[in-house]
Amino acid sequence: MTKAAALPASIDETQRMLAEVGYVADRALSTVVFLALKLGRPLLLEGEAGVGKTEIAKALSAALERRLIRLQCYEGLDAASAVYEWNFPAQMVAIRTAEAVGTEDREALTEELFSSRFLIERPLLQAMRPQPGGAPVLLIDELDRTDEPFEAFLLEALSDFQVTIPELGTIKAETPPIVILTSNRTREIHDALKRRCLYHWVDYPDFERELQILRARAPEAQEELSRQVVAFIQTLRTEDLFKKPGVAETIDWAKALVALDVVALSPQVISDTLGTILKYQDDIARIQGSEAQRLLDEAKRKLEPA
Ligand SMILES: Nc1ncnc2c1ncn2[C@@H]1O[C@H](COP(=O)(O)OP(=O)(O)OP(=O)(O)O)[C@@H](O)[C@H]1O
Ligand SMILES: [Mg+2]
């Protein structure tokens with residue numbers, strides 16, 4: 001295994017490094033990422049759906065050539081699923097086998113049963129283990145979906161980067177992982193946890209940045225179509241929608257239009273493909289027809305040279 005890429009030495013370098021793996025970060029985001037790496041602090045990213053929060057962790061892992069370890073949060077997530085579990089079925093088999101061959105040494109058997117051979121390592125424990133390319137990127141995704149007890153537990157794990165397994169002892173990370181936490185803010189993350197982290201609100205990108213993202217992620221789309229797509233999406237976001245389209249939808253839409261051999265937007269094309277950018281029937285019904293025409297006119301005005 002080759003040696004991992006060094007951490008970026010400046011904000012500009014951070015921005016460049018992310019761009020090289022196709023992630024378009026603005027100055028504010030590049031700054032907070034640079035600082036998180038430099039200071040070794042977890043980074044908490046909040047923002048609307050589909051604005052590139054999760055992707056940051058993937059981009060960092062690719063750019064720094066570090067392993068990506070992902071802990072997907074959900075309601076009811078507990079320490080066993082997040083840290084480690086004993087492989088109970090395998091332990092049972094081992095016990096049965098020992099019984100069948102008639103093992104005398106019960107103590108040795110017990111010791112064996114609670115050795116690393118029967119340990120199932122979950123993301124948090126994996127992240128404490130040394131990795132060939134350097135400390136891994138630990139993505140704790142959609143933290144707002146877990147409950148408060150788990151958050152408290154996580155706070156502890158993040159403060160000393162160690163895990164205690166009663167039967168095995170304490171495992172401590174030699175080098176702490178690079179930790180990225182994301183939240184869609186369906187509930188507030190606790191202050192105590194926030195205090196440990198650097199924080200950044202990932203906003204919808206502006207026109208130029210979203211166009212850059214399209215160039216990176218949907219290069220098959222012609223420049224003129226991409227400009228229209230971005231202008232339309234940006235206009236659409238100013239509407240009062242139940243769920244505004246994220247960057248993911250912009251990319252999907254551009255790809256869909258290319259697949260349909262569309263070279264320029266028209267109200268008809270927009271109405272026909274709204275399902276790639278709006279995911280609620282009420283929103284779709286509102287935008288179809290004359291509303292699509294109005295928004296397209298507005299978007300085109302934005303594209304005219306001032
Ligand atoms: N700044 C960016 N540069 C490059 N690609 C981006 C950027 N922002 C978003 N994307 C693209 O948008 C898609 C969605 O991003 P991502 O999954 O990270 O969103 P998210 O904020 O985690 O959304 P959710 O809250 O729904 O999980 C990704 O596949 C990524 O390709
Ligand atoms: Mg995400």
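The values are calculated or read from the model by the stated rules, or taken from the named source; none is laboratory data. Please read all numbers here as calculations on a predicted model, not as lab measurements. Cβ placement follows ideal geometry from the backbone for every residue including glycine, while neighbour counts extend to all protein chains displayed.
Might you let me know whether region 256-267 holds any residue that is within 25 Å of Glu48 (Cα to Cα), among the aliphatic types (A, V, I, L, M) and more than 16 Å from ligand 2 (Cβ to nearest atom)?
Taking region 256-267 as the starting set, the residues that turn out to be within 25 Å of Glu48 (Cα to Cα) are 256-257.
Keeping just the survivors that are among the aliphatic types (A, V, I, L, M) gives 256-257.
Add one more test, that the residue is more than 16 Å from ligand 2 (Cβ to nearest atom), and what stays is 256-257.
Scanning region 256-267, I find at least one residue that is within 25 Å of Glu48 (Cα to Cα), among the aliphatic types (A, V, I, L, M) and more than 16 Å from ligand 2 (Cβ to nearest atom), so the answer is yes.
Do we have Leu260 as closer than 22 Å to Glu142 by Cβ and away from ligand 1 (no atom under 15 Å from the Cβ) here? Talk me through it step by step, then tell me what you get.
Numbers: closer than 22 Å to Glu142 by Cβ: no; away from ligand 1 (no atom under 15 Å from the Cβ): yes.
No.
How about region 139-192: which of its residues are assigned to a strand (DSSP E or B) and either more than 22 Å from the chain's Cα centre (by Cα) or acidic (Asp, Glu) (or both)? Full working, then the answer.
Taking region 139-192 and keeping what is assigned to a strand (DSSP E or B), we get 139-141, 162-165, 169-172, 178-183.
Correct list: Asp141, Gln162, Val163, Thr164, Ile165, Gly169, Thr170, Ile171, Lys172.
List pairs: first in region 44-69 and in contact (Cβ under 8 Å) with a residue 24 or more places away in the chain and closer than 18 Å to Leu124 by Cα, second more than 9 Å from ligand 2 (Cβ to nearest atom) and assigned to a helix (DSSP H, G or I), Cβ under 6 Å, 6+ apart or cross-chain?
Between residues of region 44-69 that are in contact (Cβ under 8 Å) with a residue 24 or more places away in the chain and closer than 18 Å to Leu124 by Cα and residues that are more than 9 Å from ligand 2 (Cβ to nearest atom) and assigned to a helix (DSSP H, G or I), the close pairs are Leu68/Ser61; Ile69/Pro123; Ile69/Gln126; Ile69/Ala127.
Of everything in region 219-240 that's free of Cβ contacts under 8 Å to residues at least 60 places away in the same chain, among the aliphatic types (A, V, I, L, M) and surrounded by 21 or more Cβ atoms within 10 Å (Cβ to Cβ), which residue is farthest from Val258 (Cα to Cα)?
Looking only at region 219-240, we keep the residues that are free of Cβ contacts under 8 Å to residues at least 60 places away in the same chain, and these are 219-226, 229-230, 233, 236-240.
Those left that are additionally among the aliphatic types (A, V, I, L, M): 221, 225, 229-230, 233, 236.
Now drop any that are not surrounded by 21 or more Cβ atoms within 10 Å (Cβ to Cβ), which leaves 221, 229-230, 233, 236.
Details: Ala221: 6, Val229: 11, Val230: 14, Ile233: 16, Leu236: 20 Å.
My answer is Leu236.
Filter region 214-253 down to the residues that are within 16 Å of ligand 2 (Cβ to nearest atom) and not β-branched (Val, Ile, Thr) and list them by number.
Correct list: Arg217, Lys243, Lys244, Pro245, Gly246, Ala248, Glu249, Asp252.
Out of Ala63, Ala36, which single residue is at pLDDT 95 or above, more than 16 Å from ligand 2 (Cβ to nearest atom) and within 15 Å of Ile140 (Cβ to Cβ)? Explain how you work it out, then say what you get.
Numbers: Ala63 fails: within 15 Å of Ile140 (Cβ to Cβ).
None of the other options fit; the residue is Ala36.
Do you know which residues across region 242-282 are in a loop (DSSP other than H, G, I, E, B) and surrounded by fewer than 17 Cβ atoms within 10 Å (Cβ to Cβ)? Can you show your working first?
The initial filter retains those residues of region 242-282 that are in a loop (DSSP other than H, G, I, E, B), namely 242-246, 260-266, 277-280.
The answer is Phe242, Lys243, Leu260, Asp261, Val263, Ala264, Ser266, Lys279, Tyr280.
So in region 193-213, with the set limited to residues that are away from ligand 2 (no atom under 16 Å from the Cβ) and assigned to a loop (DSSP other than H, G, I, E, B), which one is surrounded by the fewest Cβ atoms within 10 Å (Cβ to Cβ)?
Initially, region 193-213 is screened for residues away from ligand 2 (no atom under 16 Å from the Cβ), giving 193-199, 206-212.
Next, from what is left, pick out any that are assigned to a loop (DSSP other than H, G, I, E, B): 197, 206.
Numbers: Cys197: 18, Asp206: 11.
This residue is Asp206.
Just to be sure before I move on: is Glu99 out of contact with any Pro (no Cβ under 6 Å at 6 or more places or on another chain), outside the structural domain of Ser61 (by TED's automatic domain parsing) and among the acidic types (Asp, Glu) in the structure I sent? Even if it seems obvious, please write down each step before you answer.
Details: out of contact with any Pro (no Cβ under 6 Å at 6 or more places or on another chain): yes; outside the structural domain of Ser61 (by TED's automatic domain parsing): yes; among the acidic types (Asp, Glu): yes.
For Glu99, the condition - out of contact with any Pro (no Cβ under 6 Å at 6 or more places or on another chain), outside the structural domain of Ser61 (by TED's automatic domain parsing) and among the acidic types (Asp, Glu) - is met.
Please pick out the residue among Ala292, Ala285, Ala216 that is over 28 Å from the mean Cα position of the chain (by Cα), surrounded by fewer than 19 Cβ atoms within 10 Å (Cβ to Cβ) and either assigned to a helix (DSSP H, G or I) or not assigned by TED's automatic domain parsing to the domain that holds Asp144 (or both). Steps first, answer last, please.
Values: Ala292 fails: surrounded by fewer than 19 Cβ atoms within 10 Å (Cβ to Cβ); Ala216 fails: over 28 Å from the mean Cα position of the chain (by Cα).
None of the other options fit; the residue is Ala285.
Since Leu113 meets every condition but one in (1) within 16 Å of ligand 1 (Cβ to nearest atom); (2) not assigned by TED's automatic domain parsing to the domain that holds Ala173, which condition does it not meet?
Only one criterion is unmet by Leu113, namely (1).
For region 295-306, which positions are of a type in the set (A, V, I, L, M) and either part of a helix (DSSP H, G or I) or touching a strand residue (DSSP E or B) at 6+ places or on another chain (Cβ under 9 Å) (or both)? So that I can check it myself, show each step before the final result.
First, pick out the residues of region 295-306 that are of a type in the set (A, V, I, L, M): 295-296, 299, 303, 306.
Matches in region 295-306: Leu295, Leu296, Ala299, Leu303.
Pro132 fails exactly one of the following numbered conditions: (1) assigned by TED's automatic domain parsing to the domain that holds Ser61; (2) surrounded by 14 or more Cβ atoms within 10 Å (Cβ to Cβ); (3) not charged (D, E, K, R). What is the number of that condition?
Checking Pro132 against (1) assigned by TED's automatic domain parsing to the domain that holds Ser61; (2) surrounded by 14 or more Cβ atoms within 10 Å (Cβ to Cβ); (3) not charged (D, E, K, R), the one that fails is (2).
Kindly evaluate Val101 against the criterion of being at pLDDT below 95 and among the β-branched types (Val, Ile, Thr).
On the way: at pLDDT below 95: yes; among the β-branched types (Val, Ile, Thr): yes.
Taking the combined requirement at face value, the residue satisfies it.
Just checking, which of Glu75, Glu107 is among the acidic types (Asp, Glu), over 21 Å from Tyr199 (Cα atoms) and either within 16 Å of ligand 2 (Cβ to nearest atom) or assigned by TED's automatic domain parsing to the domain that holds Gln126 (or both)? Give the steps one after another, and end with the answer.
Numbers: Glu107 fails: either within 16 Å of ligand 2 (Cβ to nearest atom) or assigned by TED's automatic domain parsing to the domain that holds Gln126 (or both).
Just one listed residue meets the conditions, Glu75.
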